[in-house]
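Enquirer: I'd like to ask you about the structure that follows.
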Amino acid sequence: MKFAYAMPTKVIFGRDCVKEQGALLRTLGDSALIVTGRSSAHNGALRDVEEALAANGQDYTLFDRVTPNPAVACVREGVQLAKAAGADFVIGLGGGSPMDAAKAIATLAVQERADDEIFAGGYEDRALPMAHIPTTAGTGSEVTPYAILTNDAMQTKTSITSYAMFPRLAFLDGKYMLFLPQESTVNTALDALSHAAEGMLSRNATPLSDLYAEESLRILAPILPRLRGALSADDRDMLLYASCLAGMTIAQSGTTAVHGMGYYLTYFYGIDHGRANGLLLGETLRLCCEKGLAQADRILRALHLADADAFCSLLSSLLGRREDIPRERLLDFAGRSVSNKNIKKSIYEPTAEELARIFLRSFA
Ligand code: NAP
Ligand code: FE
């Protein structure tokens, strides 16, 4: 057996953790750039962070204009603000979009890159130190070294990464999700489910990433069928924990075919990230079952599901009516997917015909 393992983010989990452990933010610097979106003012997270910074005697500047699927222009705006304010650390607060924007800002604030070099890779391990506070339970971005940005040149979404993009601190409090709308709750849970499943279907999976993935799936199993009903505070905590474990999974393994395909649905049709994954996950797992992958069986067992049909019907009950996307568009997405770097990381790399079949059956 051979593998490497690193998870440098200190995770603080539990009710009121920002209030109780906010002094930890002192270790990051004197002046913060808080990177967030519009809703953060309403779920209580921003207030908790502002109070913690005030108690620590730390300054901050607020950048609250991050929109879903952040673009390079948004990151540039944040970098300018960070530099103008003399920020020496960054707090990413919100769903995956603000957290990813925060990582890119923290990196580009200390490494110059022309626009056409942003997705060229080769980032040095340097970034402003970060603390992340998720307000959705799905992306796991608080424990991954990836920032996913809209890539207009390639007409998709692409990750940038370096070891320094792991946040130093992650504060996880399910109370910020108590009033998360049902649609966002379902979509983000589907993202976490995808991370756990795709992580196990990755060529880069390790015994430890599988351990996190299977535990994440076991936690999600009893909650998934109830996502469209009322959720308790305990359910919210467990969704957040499962999402964090799934994030720790992909921090090691990366994402694979489902994310690679799903980015086209988001780029061209504006379909929410987690929903895009959920739409494609069932048929992708069915293919893996047909190919006899032991990992596919392990995924189903961890979810207490008998077969791919049971998995697909669970997903269908959560997804509701699927979008109408013309056949030729779906075939175009399948064609674009063939050379996608995430798909090449899959243990079983679908052929061009199989990618087309996944897209067509997912919208049949
Ligand atoms: P999001 O795009 O961050 O947020 C979606 C919507 O939910 C926004 O309108 C947001 O409002 C709102 N929202 C967030 N928290 C809320 C709360 N507590 N109550 C009410 N509304 C709330 O969605 P997401 O699914 O969390 O993140 C998706 C992004 O993460 C994608 O860009 C995806 O590519 C990326 N991602 C990253 C990783 C990684 O490892 N880095 C992994 C998976 C996905 P605001 O306007 O305030 O933001
Ligand atoms: Fe994701």
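The values are calculated or read from the model by the stated rules, or taken from the named source; none is laboratory data. Fair warning: this is a prediction, and the values are worked out from it, not measured in the lab. We place every Cβ from the backbone using ideal geometry, glycine too, and count neighbours over all the protein chains shown. Surface accessibility is based on the protein's heavy atoms, side chains included, excluding ligands, DNA and RNA. Shrake-Rupley method; radii C 1.70, N 1.55, O 1.52, S 1.80 Å.
Enquirer: Full extension from Asp309 to Arg38: what is 0.36 nm times the residue separation minus their Cα-Cα distance, to one decimal in nm? Write down the numbers at each step before the final one.
Expert: Values: separation 271, 0.36 × 271 = 97.56 nm, distance 3.94 nm.
Here the answer is 93.6 nm.
Enquirer: Report, in degrees rounded to the nearest 10, the 0 to 90 angle that the Cα long axis of helix 257-269 makes with the longest principal axis of the chain.
Expert: The two axes meet at around 70 degrees.
Enquirer: Among Leu331, Leu285, Leu149, whose mean-square fluctuation peaks in a Gaussian network model of the chain (Cα, cutoff 10 Å)?
Expert: Leu331
Enquirer: How would the chain be classified by its alpha-carbon gyration tensor: rounded, prolate or oblate, with rounded meaning a/c under 1.5 and the a/b versus b/c comparison settling the rest?
Expert: Numbers: a/c = 1.74, a/b = 1.42, b/c = 1.22.
In terms of gyration-tensor shape, prolate.
Enquirer: What is the range 239-364 by shape, rounded, prolate or oblate, if you read a ≥ b ≥ c off the alpha carbon gyration tensor as root eigenvalues and call it rounded for a/c under 1.5, prolate for a/b larger than b/c, and oblate otherwise?
Expert: Details: a/c = 1.32, a/b = 1.28, b/c = 1.03.
It comes out rounded by the Cα gyration axes.
Enquirer: Moving to a separate point now. Top mean-square fluctuation among Pro326, Pro129, Pro167, Gaussian network model of the chain, C-alpha springs under 10 Å?
Expert: Pro326
Enquirer: Hey, can you rank 294-301, 217-224 by average C-beta count inside 10 Å, highest first? Before the final figure, lay out the partial values.
Expert: Numbers: 294-301: 17.9, 217-224: 19.5.
The peptides rank, most packed first, as 217-224, 294-301.
Enquirer: Related question: Along the Cα-to-C-beta direction of Asp152, a point sits 7 Å from the Cα; which residues of the range 25-65 have their amide N less than 18 Å from that point?
Expert: In the range 25-65, the label zone of Asp152 (backbone N under 18 Å from the point 7 Å along Cα→Cβ) covers no residue.
Enquirer: Using label points projected 7 Å from each Cα along Cα→Cβ, tell me how many nm separate Met1 and Ser339, to one decimal.
Expert: Here the answer is 3.9 nm between the modelled labels.
Enquirer: Could you tell me which of the pairs Lys2/Lys345; Lys157/Lys344; Lys2/Lys341 are separated by over 21 angstrom between their Cα atoms in the structure shown?
Expert: Numbers: Lys2/Lys345 18 Å; Lys157/Lys344 16 Å; Lys2/Lys341 23 Å.
Lys2/Lys341, as the Cα separations exceed 21 Å there.
Enquirer: In addition: Just for the chain, what percent of DSSP beta bridges are antiparallel, to the closest 5? Walk me through the numbers before you get to the answer.
Expert: Details: 7 of 27 bridges.
The antiparallel fraction comes to roughly 25 percent.
Enquirer: Quick one: Cα centre-to-centre distance for the range 230-304 and the range 152-200, in angstrom?
Expert: 11
Enquirer: At 7 Å along the Cα-to-beta-carbon direction for both Gln21 and Leu360, put a label point, then send me their distance in nm to one decimal.
Expert: 5.0
Enquirer: Which net charge results when you count Lys and Arg as +1 and Asp and Glu as -1 among the other residues whose beta-carbon is under 11 Å from that of Gly95? Kindly include the intermediate steps, with their values, before the conclusion.
Expert: Details: positive: none; negative: Asp100, Glu142, Asp191, Asp272.
That sum, taken over residues with Cβ under 11 Å, equals -4.
Enquirer: Could you tell me whether the range 53-127 comes out rounded, prolate or oblate from its Cα gyration tensor? Rule is a ≥ b ≥ c as square roots of the eigenvalues, rounded for a/c under 1.5, then prolate if a/b exceeds b/c, otherwise oblate. Write out the running numbers ahead of the final one.
Expert: Numbers: a/c = 1.96, a/b = 1.45, b/c = 1.35.
Since a/c reaches 1.5 and a/b is larger than b/c, the shape of the range 53-127 is classed as prolate.
Enquirer: Among Asp272, Asp234, Asp191, which one shows the biggest mean-square fluctuation in a GNM of the chain, springs joining Cα atoms closer than 10 Å?
Expert: Among Asp272, Asp234, Asp191, the largest GNM mean-square fluctuation belongs to Asp234.
Enquirer: To the nearest 0.05, how large is the calculated FRET efficiency for Ala233 and Glu51 if R₀ is 22 Å and r is the Cβ-Cβ distance? Intermediate results must be reported in sequence, preceding the final value.
Expert: Values: r = 21 Å, r/R0 = 0.97.
E between Ala233 and Glu51, to the nearest 0.05, is 0.55.
Enquirer: Can you tell me which of 173-180, 28-35 comes out highest on packing, and rank the rest after it, using the mean Cβ neighbours within 10 Å?
Expert: My ranking of the peptides, most packed first, is 28-35, 173-180.
Enquirer: If you roll a 1.4 angstrom probe over the protein chains with everything in place, what fraction of the accessible area of the chain belongs to carbon and sulfur, to the nearest %?
Expert: Working: 7430 of 14330 Å².
So the carbon and sulfur contribution to the accessible surface is 52 percent.
Enquirer: Suppose all protein chains stay in the model; what accessible area per residue would a 1.4 Å probe give for the chain, in Å²?
Expert: 39
Enquirer: Round to the nearest 10 and give me the degree value, 0 to 90, for the angle of helix 308-319's Cα axis relative to the longest principal axis of the chain.
Expert: Approximately 50 degrees, to the nearest ten.
Enquirer: How much length is gained on full extension from Asp115 to Ser316, taking 0.36 nm per residue of separation minus their Cα-Cα distance?
Expert: Values: separation 201, 0.36 × 201 = 72.36 nm, distance 3.95 nm.
Between Asp115 and Ser316, full extension yields 68.4 nm more.
Enquirer: Still on this structure: Give me a comma-separated list of calculated 3J(HN,Hα) values for the range 72-85, in order, Karplus coefficients 6.51, -1.76, 1.60 applied at θ = phi - 60°, integers in Hz, x for any Gly or Pro.
Expert: Whole-Hz 3J(HN,Hα) from phi for the range 72-85: 4, 4, 5, 5, 4, 4, x, 4, 4, 5, 4, 5, 4, 8.
Enquirer: Note the angle between two axes, namely the Cα long axis of helix 273-290 and the longest principal axis of the Cα atoms of the chain, as a number of degrees from 0 to 90, rounded to the nearest 10.
Expert: 40
Enquirer: Separate question: Leaving out ligands, DNA and RNA but keeping every protein chain, what accessible area does Tyr269 have, in Å² rounded to the nearest 10, with a 1.4 Å probe?
Expert: The accessible area of Tyr269 comes to roughly 90 Å².
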